[in-house]
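The values are calculated or read from the model by the stated rules, or taken from the named source; none is laboratory data. Bear in mind that the values here come from a model prediction, so they are computed numbers and not experimental data. Here the Cβ positions follow ideal geometry from the backbone for every residue, glycine too, while neighbour counts run over all protein chains shown.
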Amino acid sequence: MEPPKISNSKISILSKIRGRIYQRITSYLYFKWPSLWWSSISSRYYENKAGSEEIKSRANARHQRLIEKLGLLEWDSMLEVGCGFGWNLHSFQSKNPNKVFHGCDFSTNQISQAEKLYSPKIKFDVADAQSLPYADGSFDIVITITCFQHVPPKHIEKAMKEIQRVSKRHILLLEMDSEFATKDEIEEQLNSRVAFWHNYSGMVNTNFVKAFHEDWSDFNNRVEPISLHVYSKVDENL
């Protein structure tokens, strides 16, 4: 006797249910232990980035464009918050060997990987964006690249205050931005439960003014509707 056949519609429903269960479990773990969550995927995250020619090609193009933008600003030292395994900083340092580069991330596994790959040319620290272990104005420019979009809404204001505190001249954010996103993209990211929309301009204090704001979603085929925010500090002594 043949087993009963399952229709395609039932398979689709079961697949959606399984996907939602997975999202809820992922969301729970992410909110409960975010640093552990990122550390747990660090090896796979690095292998995917380092092994995919498509990802490397897209990242190299994005890095080149960022290097061009950085060339418009005055700076000698950089901190990347949420630097992961240091790929971005390595690209910038290779083009600016006489400048000082630091990176921090709360994932001990990713920082360990970064140190193996890129120390001592780049200094790395295990640190949370909400409590950066640096003095006020320690770096000419502080950057985040698709990092703050993973910071939950209840923590993002504190993280934004911290990067402004340790910046001497500029802050650069390459993050998801609803201004350039479609309605479907916003809904899809909201369902992911590990990516969030933030109004960055509303969290920048009066010591900074917007230098430029551009749509950069073309770099990853709108996988993420990201955009570039650059703010410069208003200080007569600079």
Note: among Phe92, Phe101, Phe85, just one is touching a residue at least 40 places away in the same chain (Cβ under 8 Å) and of a type in the set (Phe, Trp, Tyr), namely Phe85
Listed by first then second residue, the pairs whose first member lies in segment 116-134 and is under 20 Å from Arg165 (Cα atoms), whose partner is of a type in the set (Phe, Trp, Tyr) and surrounded by 15 or more Cβ atoms within 10 Å (Cβ to Cβ), with beta carbons under 8 Å and at least 6 positions apart or on separate chains, are Lys123/Phe101; Phe124/Tyr118; Val126/Phe106; Ala127/Phe106; Asp128/Phe106; Ala129/Phe106; Ala129/Phe148
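Take the residues in segment 144-190 that are β-branched (Val, Ile, Thr) and either in contact with a helix residue (DSSP H, G or I) (Cβ under 6 Å, 6 or more places away or on another chain) or surrounded by fewer than 19 Cβ atoms within 10 Å (Cβ to Cβ) (or both); name whichever of them is modelled with the lowest pLDDT.
Among residues in segment 144-190 that are β-branched (Val, Ile, Thr) and either in contact with a helix residue (DSSP H, G or I) (Cβ under 6 Å, 6 or more places away or on another chain) or surrounded by fewer than 19 Cβ atoms within 10 Å (Cβ to Cβ) (or both), the one modelled with the lowest pLDDT is Ile186.
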Checked segment 51-100 for anything exposed (fewer than 15 other Cβ atoms within 10 Å of the Cβ) and touching a strand residue (DSSP E or B) at 6+ places or on another chain (Cβ under 6 Å); matches are Leu73, Asp76
Filtering strands (runs of 3 or more DSSP E) wholly in segment 48-151 for at least 2 residues that are closer than 25 Å to Ser227 by Cα and polar (S, T, N, Q) gives none
The number of residues in segment 191-203 that are at pLDDT 85 or above and either at positive phi or of a type in the set (A, V, I, L, M) (or both) is 1
